[in-house]
Each structure stands twice: as C-alpha cells, then as structure tokens.
Amino acid sequence: MYLMLVYASIILKDHKMKKISILLILAVFSVQLVSAQQDAQFSQYMFNGIYINPAYAGYKEQLNIQSFYRSQWTGIPGAPKTISLAVDAIANDNKVGLALQVSSDRLGAQSNLAAYANYAYRLQMNDDGSARLALGLGVGAIQLGIDGSKLNPNDPEPYQPLGMQSTIVADARTGVYYSDNRYYAGLSADNLVSQFFKVNSYSFIPQPKPHYYLTAGMLVPLSEDLLLKPSFLLKDDMAGPTSLDLSAFFILGDKIWIGCSYRTGVKLYEKSYLQSDLTSDNSLVAAVQLFSLKNFRIGYAYDISIGPLQGYSNGTHEISIGYFFDTKSSRMLTPRYF
C-alpha cells in the first residue's frame, strides 16, 4: 500500500505516460528491494558509513565531510531523489567519535528530512590502536511529509490531503562497528523510537519502521600498488523483502578505485505476507572513486535496472564527494580504506 500510494502521486498528462505509470506500479510490487522499505539506499554505501551506522563516527580519525546525491530511476516522474551530508571527527584522544548526519529523501509526493547527532565510544583492541571496536548511538528527529497537490489517483481516497501534510517525530539509532587494517564489520538499526509515534492522524504518511543493517568487508593485497576490497551490505526492515548488496573494488595506487556491485533479494526467514512470485533481481552497479588529492575524494556510481523496471528507467546516478582535514600526520601512515 505504501508504494502504491507514492506512485499514485505521479502526475501524468498524456496517454503514453499513463500506460507507463500502470506498468511502473505493477513493476514496483514485484521489485524485491523496494517494497515496504522506507530508508533511502546508496550504491556507494562503503563511503557513507555514518548514514548506515552511528558507530562509524570518528573512524577516519580526522575532521571528515562526506556528501551524496542520488537520482534514482531517472526518466520516471516522481522517482526517488536523495541527498545526504555527514560531518564527523574524534575527541578524547581518539576514544570518542562525534558526527552530525543530515539527509533529505523525496519519492513522488512523499518527503523525509532527518537529522541525527551521533556518538561513538571507540575501544582500542590492540597496542597501536589500528583495531577498534566502536559502540554508537544517534539521536535526532525526522520530518515526515506528503504533498497532497501531487496526488492524482484515478479513484481518490477518503481524507486525501489537498496540500502539504507533515509531522516531526523524534528518533534514535544504534550500532556497533569493528575495524582493523584488513577487516571491518558493522551491525546497526534505526527508526528505533520513531516507530512508536503514531502518525494515524496523517493518513497518507507511512508509519516509520525499524531498519537493520549488517555490513562487512576486507582488504586483499594483490601487489604493491593493487588492492582488492570486497564487501557486502544486508538490509532488512522485517516487513518487506531483504536486500543484499555484493560489491568489489580494485584500488590502484591509493588513487583510483574501480568497482561494481550486484543488488538482489535474499530470503533469510519466512515472510508469509509477501507474494510468492517476487523477483530477486534488482540492479547492477558500476562505480569509480578518484582521490585527486590526499584528502579529497570524488565518486560516481551508475545503477542499471535488471528487474521489472528494465526498459522503463534511464538508470540511477549517484555522485559523492568527500574531504577530510589532515590534522595529524600520523594518520597518513595507516590509510583508512573502510
């Protein structure tokens, strides 16, 4: 019902686009990765750790800024557009990570604006401090909104809003993150508080649901100037299908990252409320990261739909920029690849 409502908000003027709208709505219900999931997804998740996990705060051990812009399913009216910005740093002799993370997500008539202050307590796991176990907590608020003027269903629903309808709810998120020079792993959850704030009075605003993230990766040296970095991200909201991203990057001389990802659905446990014929295929992703300066990164990812939306979308574009302030020279002796 959630995505049916959202895509009913697409305003289509001609017969051809109305036909595409019907096909799109049918496709959305068979795309395994987007059904019922409310959190935005990023193909460059490995560079956007704070969006996924508050325990990532302070990992770079520098004042670090990351920004992302994602335009999903370009060419389809009302398709998702997401912006994310995060700033993080360390304190208390590297024992504490602090971060501010803000995101804006628009999908048809729906809009979500979220802001979190994040705290991570970083436990040193070896003598030189290269291995850390971080425990993270984020607190903030989410503004949930829907613009009734963009809703144009064939059969109007009762109490359909005519203008902008919004509400603000408090929220909290938590996570744990481990990393050393070769491996990393993280487990996190968000929407832990917002799920308890009833938004029933705003009948067209979906109730937030907890989302759970499990991610891990490793660094494999292939030669002196060539590294392989495989990773995965598992996402679940205990309502829609479970999503899995499998990724691999080749790192050339610490300057160029070239990689690809495969996004699919997986069945971890029984969800009897889901239709049985959902397809698991979703998209293939090609990505490149350029470190033109030692403290500046720019990245680009392009998603190609391989599920039911294939042929109806012009693909998904995602741009990211990262910059960190080199406040101590010792950090450069052990680059942070995760």
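The values are calculated or read from the model by the stated rules, or taken from the named source; none is laboratory data. From a predicted model like this one, the values you see are computed outputs, not experimental measurements. Glycine also receives a Cβ, built like all others from the backbone with ideal geometry; neighbour counts cover every protein chain displayed. Side chains included, ligands, DNA and RNA excluded: accessible areas come from the protein's heavy atoms. Shrake-Rupley method; radii C 1.70, N 1.55, O 1.52, S 1.80 Å.
Observations on the structure shown:
- Among the conditions (1) in contact (Cβ under 8 Å) with a residue 40 or more places away in the chain; (2) over 15 Å from Tyr177 (Cβ atoms), the only one that Pro158 does not satisfy is (1).
- Ser261 vs. criteria touching a strand residue (DSSP E or B) at 6+ places or on another chain (Cβ under 8 Å), among the small types (Gly, Ala, Ser), surrounded by 15 or more Cβ atoms within 10 Å (Cβ to Cβ) and over 29 Å from Ser223 (Cβ atoms): no
- Single match in Ser223, Ser280, Ser231, Ser247 (criterion: surrounded by fewer than 14 Cβ atoms within 10 Å (Cβ to Cβ) and on the phi < 0 side of the Ramachandran plot): Ser223
- Ile304 at pLDDT 95 or above, part of a strand (DSSP E or B) and not polar (S, T, N, Q): no
- Hits in segment 234-244 - residues which are touching an Asp or Glu at 6+ places or on another chain (Cβ under 9 Å) and either assigned to a loop (DSSP other than H, G, I, E, B) or open to solvent by 20 Å² or more (accessible area, probe 1.4 Å) (or both): Leu234, Asp237
- Checking each residue in segment 46-91 for being assigned to a strand (DSSP E or B), closer than 16 Å to His317 by Cβ and either over 11 Å from the mean Cα position of the chain (by Cα) or touching a residue at least 60 places away in the same chain (Cβ under 8 Å) (or both) picks out Ser67, Phe68, Tyr69, Arg70, Ser71, Lys81.
- Filtered residues of segment 307-338 (kept if modelled with pLDDT of 80 or more, open to solvent by 40 Å² or more (accessible area, probe 1.4 Å) and β-branched (Val, Ile, Thr)): Ile319, Ile321
- Residue within segment 179-191 that is open to solvent by less than 70 Å² (accessible area, probe 1.4 Å), charged (D, E, K, R) and more than 19 Å from the chain's Cα centre (by Cα) present: yes
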